[in-house]
Amino acid sequence: MGNRCAVIGVGQTKYTTKRQDVSIAGLVREAALRALEDAGLTFADIDAVVVGKAPDLFEGVMMPEAYLADALGAAGKPMMRVHTAGSVGGSTALVGASLIQGGVHDRVLVVAFEKQSESNATWALSTHLPFNASLVVGAGGYFAPHIREYIRRSGAPAHIGTLVAVKDRLNALKNPYAHLKIHGISREMVESTPMLWEPIRYLETCPSSDGACAMVLASEQAVTGTPAWVHGTAMRSEPIFRAGRDTVNPQAGKDCAADVYGQAGIADPRRDIDVAEVYVPFSWYEPMWLENLGFAAEGEGWKLTESGATALDGDIPWNASGGVLSSNPIGASGLIRFAEAALQVRGMAGEHQVDGARRALGHAYGGGAQFFAMWIVGSEKP
Amino acid sequence: MRQVRDVAVVAFAQTRHTGHDTGASEPELILPVLEEVRAQTGLRRFDFTCSGSCDYLAGAPFSFVSALDALGAWPPISESHVEMDAAWALYEAWVRLQHGDADTALVYGFGKSSMGDLRAIMTLQLDPYYLAPLGLDQLSYAALQASALGASRDELDRIVRRSRTAGRENPYALDLPADEDGGFLVEPLKAHDVAPVTDGAAAVVLAAGDRAGELATRPAFIRGIAHRIEPHYLGMRDLARSASAADAARAAGVGKGPVEVAELHAQFSHEEIILREALELPADTVVNPSGGPLAANPVMATGLIRIGEAARRILDGSASRTVAHAAGGPCLQHNLVAVLEA
């Protein structure tokens, strides 16, 4: 994995439905300046900038890094634009880390964003003829059958998704940047909301958010402030239309986890990881990913959720920040997972801090559950 | 540049580019070039894969997703994608190979600009608040740059004639007439000053350390590679010069030796003049012997093809030090330069 790399700054915007007070450039700059402030640095200290976001159709600005170069202080520097579907936020962090690990740069600014209010994500996510039959179902319609298959296979009771929806929104109440702040959130409230895509109810889905997240990454000799050390990084992809692939428990996710655990020396993720920020855009993806990531045996993930183990006071908190279910600026959602993992091991997560968190998993997935990006960060040098 | 691990281009393939839609989908364009670099290297699996493409060319999200089906990414692969010219995918792969735990990388790029109105589509990469509403299309802002440069019509014509003549000798480029009469599209640019609308794809294999010598008899070693972006707003730049290309060329070490061949990502004839000066190319350097983008411009692969063409001269023994350049953004906003050596 090359040279040591650390997260030394994190910046987030308050996620919300519409940020009409800022342009796209203003939004990303707000996150970038907060990350720089956290690191005690300025744009002048940055060697290169990596930008990530989901499809350009979300804002209608093609290859927007060209336009964002000025706002991100990139003029005169190398700049990259990553796009790996929903996993892009995670991939953006990994491309930035790679520049440090490869010994090319000492300080890299990574920024991911989405300003969903600029367009209609369901439309932008729906491919059209002549490429595919147009279903215009967006992400929820695509993933609902996979969830139904998970329920069939595992025999999970129907209320598991509700438990995740409540738990993540309770966590969001402790996160100042979270979009959804639903006071009085309860199982009854979730179950009273409309069924959107069987079995996903309205409150079991992620919101559409405007927001940006940024991190400053540094080589060992360029560390300032409190570092979160990168212990392992991995990406995996598999083809969407391969007939034999298991979309419920994808091989790419298992392989990616095995790779990143191997690098970080993690034998048993439930025991060796203190907190996980995992991309759960629909409630049922918590038990599904608990299994895919090896926190529970196949068919057993829902039992972990049901037992309360993944709650903020459980033995393996998942999405202490409120997760994607509470804030979803799509292109940034993966980077937020990676950044929140870093905040936890830096001891800087505030009210949603998991006491004594020393090792954390950041996870993102995208496409037809076929692109995966993960990292393990720790409070100690690897 | 710091101590770097030796990384070389060991294989390159491209489609026979077309000026029209042949009916082939993007995955269908990619598959043959992937097979070709696999055959050249004998490799079926690569430690890392990275690609470059643009959703807006096809007008649908996730053009790179179905490319994975062409790739046959099974078992799952370590893979990434840039929404940039694939020359930057090559850069990402080069960085990844610097870690030391990966030795081979597959890089590919593809684009079908025949699917829409490229001039209008490229307008969508402008600042959506202050520039795009002005209604400048790609041709208009290129013409602004050409005006700022003030090159003579003779010089521009010579560049076009040389490029198109070379392109007709290149089986992968388009057959375009050497001379074309016609009025201005947007003064001072005429139709033949503009890279043609092209569909195509390209693939490159990189190998590090000992693997390079095992996979090619004469690997094209990347002795330097660097890129720089500059301000987006045209008014903040001296359009007659390319400061970012000059910076990238210095960082890549272009001037450290002779340059036999330079493949430049000049999508308009005047850009070649700006780039020659920015890269401080010697007078005897042969520029774009492939015909360059003026003879074939499969957007999102064009920059990668420059690296492939520059590497090919080393791989086939016809040159020992070449330079490749790729560009992105309006009016050469973003420039990448690579130096290749035997």
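Where in the stretch B:227-342 are there helices (runs of 4 or more DSSP H), lying fully within it, with 1 or more residues that are of a type in the set (G, A, S) and over 26 Å from B:T198 (Cβ atoms)? If you could, list the steps in order and put the result at the bottom.
Working: elements: B:243-252, B:269-278, B:302-315.
Hits in the stretch B:227-342: B:243-252.
Return yes when A:G60 is without any contact (Cβ under 8 Å) to a residue 12 or more places away in the chain and either more than 22 Å from B:D247 (Cβ to Cβ) or facing chain B (nearest Cβ under 7 Å) (or both) and no when it is not.
Working: without any contact (Cβ under 8 Å) to a residue 12 or more places away in the chain: no; either more than 22 Å from B:D247 (Cβ to Cβ) or facing chain B (nearest Cβ under 7 Å) (or both): yes.
When the stated conditions are applied, A:G60 does not pass them.
Among the residues of the stretch A:245-260, is there at least one that is in contact (Cβ under 8 Å) with a residue 24 or more places away in the chain, surrounded by 24 or more Cβ atoms within 10 Å (Cβ to Cβ) and closer than 30 Å to A:D21 by Cα?
Checked the stretch A:245-260: no residue is in contact (Cβ under 8 Å) with a residue 24 or more places away in the chain, surrounded by 24 or more Cβ atoms within 10 Å (Cβ to Cβ) and closer than 30 Å to A:D21 by Cα.
Does B:R164 satisfy the condition of being in a strand (DSSP E or B), of a type in the set (D, E, K, R) and surrounded by 20 or more Cβ atoms within 10 Å (Cβ to Cβ)? Walk me through how you get there before you give the answer.
Values: in a strand (DSSP E or B): no; of a type in the set (D, E, K, R): yes; surrounded by 20 or more Cβ atoms within 10 Å (Cβ to Cβ): yes.
When the stated conditions are applied, B:R164 does not pass them.
Need at least 2 residues that are out of contact with any strand residue (DSSP E or B) (no Cβ under 8 Å at 6 or more places or on another chain) and closer than 22 Å to A:A69 by Cα per element, so show me which helices (runs of 4 or more DSSP H) inside the stretch B:50-126 make the cut, counting only ones lying wholly within it. Walk me through it before giving the result.
Values: elements: B:55-58, B:63-71, B:86-97, B:118-123.
The qualifying helices (runs of 4 or more DSSP H) are B:55-58, B:118-123.
Would you point out which residue out of B:A86, B:A93 is touching a residue at least 40 places away in the same chain (Cβ under 8 Å), closer than 25 Å to B:G224 by Cβ and within 12 Å of another protein chain (Cβ to nearest Cβ)?
Values: B:A86 fails: within 12 Å of another protein chain (Cβ to nearest Cβ).
That would be B:A93, the only listed residue that is touching a residue at least 40 places away in the same chain (Cβ under 8 Å), closer than 25 Å to B:G224 by Cβ and within 12 Å of another protein chain (Cβ to nearest Cβ).
Go through the stretch B:59-70 and report how many residues are more than 18 Å from A:G138 (Cα to Cα) and at the interface with chain A (Cβ under 7 Å from one of its Cβ atoms).
Count: 2.
Which residues, counting only those in the stretch B:82-118, are closer than 20 Å to B:F46 by Cβ and at pLDDT below 95?
B:G100, B:D101, listed by residue number.
When only residues in the stretch A:67-108 that are more than 7 Å from chain B (Cβ to nearest Cβ) and among the charged types (D, E, K, R) count, which is nearest to B:Y233 (Cα to Cα)? Give the derivation first.
To start, the set of residues in the stretch A:67-108 that are more than 7 Å from chain B (Cβ to nearest Cβ) comprises A:68, A:71-73, A:86-90, A:92-94, A:96-97, A:100, A:105-108.
Cutting the leftovers down to among the charged types (D, E, K, R) gives us A:106-107.
Details: A:D106: 28, A:R107: 26 Å.
The selected residue is A:R107.
Give the residues of the stretch A:101-117 that are part of a helix (DSSP H, G or I) and within 21 Å of the chain's Cα centre (by Cα), sorted by residue number.
Within the stretch A:101-117, the subset part of a helix (DSSP H, G or I) is A:101, A:116-117.
Within the stretch A:101-117, A:Q116, A:S117 meet the criteria.
Looking at A:M348 and the list (1) away from chain B (no Cβ under 14 Å); (2) in a helix (DSSP H, G or I), which single condition is not satisfied?
Just one mismatch for A:M348, condition (2).
Checking A:K381 against (1) assigned to a loop (DSSP other than H, G, I, E, B); (2) under 23 Å from A:I147 (Cβ atoms): exactly one of these is not met. Which one?
(2)
Go through (1) more than 8 Å from chain A (Cβ to nearest Cβ); (2) touching an Asp or Glu at 6+ places or on another chain (Cβ under 7 Å) for B:A151 and report which single condition fails.
Among (1) more than 8 Å from chain A (Cβ to nearest Cβ); (2) touching an Asp or Glu at 6+ places or on another chain (Cβ under 7 Å), the lone unmet condition for B:A151 is (2).
The values are calculated or read from the model by the stated rules, or taken from the named source; none is laboratory data. Since the structure is predicted, the reported quantities are computational estimates derived from the model, not experimental observations. As a convention, Cβ positions derive from the backbone with ideal geometry for all residues, glycine included, and neighbour counts pool all protein chains shown.
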